[in-house]
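Following: one structure in structure tokens, then a few remarks.
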Amino acid sequence: MRFRDGIFLSLLVCSFSVAHGQTSGTDQTLPAVTVRGTTPERFSVGQKTQRIDSVTLEQFRFQNLTDVLTYTTPIAFKIYGSGQLATSSFRGTSSNHTAVLWNGININQPTLGQTDFSTLPVAGFDQLAVQYGSSASCVGSDAVGGSILLMSNPKWQQPGLLVSAGQKLASFRNFATQGGVRFVSPAGKTWQIAGKTFFYTTNSNNDFPYRERGNYFVERSITKQKGFIQDLYFRNQKNQQLSVNFWLTDNDLTVTPFDTTVRERTRSQSYRFLTTYETSTLTLRLGWIRDIIDYARGNFTNPSHSQTDRLISRIENEFKYQLKTSQVSLRIGGEWSHYNTQVDGYGDQLIQEDRADLFALARLDLNRWLLSANIRQAFVTRFDPPVTPTVGAEYLILKTATSNLTAKGSVARSYRVPTLNERYWKVLGNPNIRPENGFNLEAGLSERWLPNERFSISTEATVFRNRIDDWSYWNPEYGYRVENLQLVVARGLEWNGVLNYTTPRWQSGLTLGYALTRSSQERVYNVYAQDIIGKQLVYVPKHSRRFSAYVAHGKNRFTILNQINSRQYITFDNIQFLRGFMLTNLLLETQIKLGSIETRIQGQVTNLFNTVYFNVKRNAMPGRSFSVQLICNLNTTKQ
Amino acid sequence: MKKTKTASSVRLKLALGLLVVLNWSCNNNPDDPAAVPYGSGVLVVNSGNFTDNNGTITYFPPTGTTASYDIFNQVNQRSLTGSVQGYTESDGKGLILVDNTTAGQDKVEIVDANTFKSLATLKSPDIENPRSAVRVSANKVYVSCWDVSGDYTNGTFYKDPGYVAVVDLSTNTVTKKIPAVKGVESLLLVGSEVFAGSAGGVTKLSVIDVTTDQLKTGIEIGSNPNPVAVDANGKLWVYSAGELVRVNTQSKVVENRLKIGTDKSKSPSKFRLSADKKYFYFVSSYYDANYKEFGDLYRFSVNDSSVPATTPFIKRLFSGLDVDPKSGIIYGGVTPSYKQAGYVLRYQSSGTLIDSVKAEIAPSAFYFK
């Protein structure tokens, strides 16, 4: 999916980023200030990074992060039901091994050490990138299998005001509403101001007209989602920028809602606040995140409560040296966070801890070489992880006017600080648990070919091997007590290719991706472990394939999205599995303009072939469904 | 001579070929005995890992160690989708008790006992949290059900009352729900009465008249009484709070109370009678500080006056236990973890290990047919 955003974006006139035919494209040359938000990518040389283009994000703007990632990346999701818990497995690792960063800050729930992707709607951020492999030296804890980067973007190049309102009507009495304002002041002589105010609500009643599909039950659940975003940016000509980002998410899930004895409610609320001051060399960040989870069964009045507050501060300074034929960037920084957590399962006491990180990131740009060397040391009260270095290189093998071929390679250590649940849970937690540590090797080739004005082809192939020791494991043999028992080796290959063909009237594109993921436990720790050594890890499909294609003419666009996943084993010895499946979605969109209001109309068919496939509770997922989305934009930005 | 031989051998081959074809078509005939693959042998009930809803039934043939796995899925191309709580047969039909994590998704699958082909599915609201099933008369089976189960902390875990579903196998429907005690559990047929136990905190053993499907006066036993078996002397044994209580099935009088073991940190479970009904086997187990379960198998005579439970009969912890009523062979299920296949260890009645056969997730009960 690493096609040039520009090619895609110019095809479609839609809200925010695309409304004026300009691109917010990240491959474009942006002022230094905005580039700084992407630190993990700049210093993770040799590793694969995939940017999800803004057209795709627009298509998924009423859906959750799970939906967009499952059609665009090989990340496997463990899904508990429609609108229910969804956790990731990135490159054959566990749900604790994907770092989710919002504007550079890890927003995984500290209690669980993971993100429920069903609670993060695509409407909550402006840009999305996926970084493959370990990047702990740049990101810190959790970046073992890969990282998901969610970013806000002030879009300085598009001064003006954009008012947007959207409504989705879908099968099963599912609805969603969104609205907001984005503004950018004209680039004046002294200060420029930008901001975004946005809210969204989703009501998924999941009122299925069937109780079963293919003799499997379809579980009833209701999800109500609310969110609010406030971004404000101030920058001056001296390249100083002050920004404030606020994102509130509120996800309210009720399973079996109509039986008052057994209904289960999980309400997850997160308040995320970040303020950043940046100059051309210095970055200061101060953030506060509060994560709340309330769980109740039957009677909802007195739920089990968990609340964690994090105060985060980070200082980074970049030094740049321009040499004769090369450029050296050195970024040195430190981070300190304070945690306060109150969880019913931890006992009555408030648990507090401090964490600190020191890191140094270096990048060398030579003529054909790009090199990086990074190191990080994290300090956690009683749980100091190992020193984490990374070395990466990219070499431009071939460079012609129409084509370039790059070879990449990276060696990285990674770690994961045990979650608060793993350490403090009174019954099954283990205060003596150690941080996990990983060793990731990867190498790849990427090729971009533009044979003529109309064609563009890009392709990338990567092989990786990630060895994670002290893999913590809720040991079912000991009533699910957590232990550093296992050694997991994940290896695999990924390939993707993008083909675009454009004529003055027609545009079309094709994206194909395939991933082979072989991930297995390798340590014998008891006599029965023999039955599970070398077996594929649970819920990790060995093969996954993604396919998408589109044709666009004028303001009309037809898109087909398809994914195939092989079976997911559900037992450690691989004797049982959820069968593999294929899913296909269709999207048809057009746009009409009435006065200064542009209305984009999108029709979507989800699960076109009515495939019966299963979630981890072995319930059937919903069948074919339809939705219509309307997005009205009042746009005063200058074209 | 040579030619004749050739011609005859060709004829022989043709005849053999025809036989094979005939034989093959015979195999496809549903009336052929070879088409009743599960007609005799042992069924292993694997309860599965509860949240995975992956209970299964493993089939062991009458001889040998070649097991067939998840036979319901093999025959019907779909999973049972729940924890399997029990299995019983009646009049050529098998009833599989399935407990799903989600309320309203529990069921009883009715299969052909010989082929395991699904015949009908009893679902919610007829069946909620099925616990145990017993054949009471021709085409009539009782299934004990807790009903919808809420939360311990809210005090709604056991609905009051639970019920016993009366299943009519001629129509494959639930014809009646007999209101029973809270947490109605094990069922045992003795004569024309069914004794019903409880897990819900009651102290009386319930008695149901199978001709009228009505509850009769219960027998006061103690906390959470559950019927175990009727021994060689015709006495009913009921387990309650660390004791086996001997009951006269006619007079309903408690005749004796046997304290099981002396170590209070251990809890006894899985009482099973030997083939001659003169001995009880049971598992005594405990958890260490790391939540790992340890335990052994013990044995005592129905005529013993005390059960010290100090010397194990077999030094092994079992997650399931039963005795083949014909051969007396002891079947012990072993669960290494709820995320990988367990094993079934078979022992002579002397306690000598015969073999070990892989089963599926958490082998917990057996059905001998």
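Quick note: the coordinates plus some simple rules give every number you see, no bench work behind them. Predicted model only: the values in this text are computed from it and were never measured. When we count neighbours, we look across all protein chains shown, and the Cβ atoms used for this are built from the backbone with ideal geometry, even at glycine.
Worth pointing out:
- Cα-projected label distance for residue B:216 with residue A:232, points at 7 Å along beta-carbon direction, nm: 8.1
- Residue by residue along A:526-532, Cβ atoms of other protein chains within 10 Å of the local Cβ number 4 on average.
- Taken about its Cα centre, the protein assembly as shown carries a charge dipole of about 2420 debye when Lys and Arg each add +1 at the Cβ and Asp and Glu each add -1 at the Cβ.
- Long pairs among A:542/A:617; A:168/A:196; A:426/A:542, criterion Cα-Cα beyond 32 Å: A:426/A:542
- The stretch B:277-303 versus the stretch A:543-571: alpha-carbon centroid distance in Å: 55
- From the alpha carbon centroid of the stretch B:328-347 to that of the stretch A:575-639 is 48 Å.
- Per-residue 3J(HN,Hα) values for the stretch A:377-392, derived from phi via the Karplus relation 6.51 cos²θ - 1.76 cosθ + 1.60 with θ = phi - 60°, read 10, 9, 10, 10, 3, 6, 10, 4, x, x, 4, 10, x, 9, 10, x Hz in sequence order (x marks Gly and Pro).
- Ignoring lysines fewer than eight residues from residue A:399 along the same chain, the ones with Cα atoms less than 24 angstrom from its Cα are A:48, A:324, A:408.
- Residues of type aspartates and glutamates that residue A:238 reaches as a straight line, Cα spacing below 12 Å, ignoring anything fewer than 8 places off in the same chain: A:278
- Acute angle (nearest 10 degrees) that the helix B:2-27 long axis makes with the longest principal axis of chain B, alpha-carbon atoms: 30
- Chain B: most fluctuating residue of B:280, B:195, B:294 per GNM, C-alpha cutoff 10 Å: B:294
- Efficiency of FRET from Cβ geometry, residue A:549 and residue A:340, R₀ 45 Å, rounded to 0.05: 0.35
- Measuring nothing but how far apart in sequence close Cα pairs (under 8 Å, 6+ apart) lie, relative to its length, chain B scores a relative contact order of 11 percent.
- Net length gained if the chain between residue B:356 and residue B:306 were fully extended (0.36 nm per residue, minus Cα distance): 14.8 nm
- Look at the alpha carbon pairs under 8 Å that are at least 6 residues apart: their mean separation over the length of chain A gives a relative contact order of 12 percent.
- Helical content alone sets the calculated 222 nm signal of chain B at -3000 deg cm²/dmol, taking -39,500 (n - 2.57) per DSSP H segment of four or more residues and averaging over every residue.
- Averaging Cα coordinates gives a centre for the stretch A:202-255 and one for the stretch A:454-530; these two points are 27 Å apart.
- Förster-model FRET efficiency, 35 Å R0, residue A:404 and residue A:611, C-beta, rounded to 0.05: 0.30
- Couplings 3J(HN,Hα) for the stretch A:419-431, derived from phi with the Karplus relation 6.51 cos²θ - 1.76 cosθ + 1.60 (θ = phi - 60°), are 6, 5, 4, 4, 8, 10, 4, 4, 7, 10, x, 9, x Hz, where x marks Gly and Pro.
- Normalising the average separation of contacting C-alpha pairs (under 8 angstrom, six or more residues apart) by the number of residues puts the relative contact order of the stretch A:493-618 at 18 percent.
- Close amide H pairs (under 5 Å, H built 1.01 Å from N) link residue A:475 with A:480, A:481, A:482, A:483, residues at least 5 positions away or on another chain.
- Taking the square roots of five times each eigenvalue of the Cα gyration tensor of chain A, the equivalent ellipsoid has semi-axes of 34, 31, 27 Å, listed largest first.
- Residue B:203-residue A:384 FRET efficiency (beta carbon distance; Förster radius 56 Å; 0.05 resolution): 0.50
- Separation of the residue A:523 and residue B:76 label points, Cα + 7 Å toward Cβ, nm: 4.1
- In this label model, residue A:501 and residue A:305 are separated by 6.2 nm, measuring between points 7 Å along each Cα→Cβ vector.
- Our coupling estimate for the stretch B:216-225, obtained by passing each phi through the Karplus curve with A = 6.51, B = -1.76, C = 1.60 and θ = phi - 60°, is 10, 5, x, 10, 6, 10, x, 4, 6, x Hz, Gly and Pro reported as x.
- Partner lysines for residue B:259 [C-alpha distance under 26 Å; skip if fewer than 8 residues away on the same chain]: B:182, B:204, B:235, B:270, B:277, B:278, B:292, B:315
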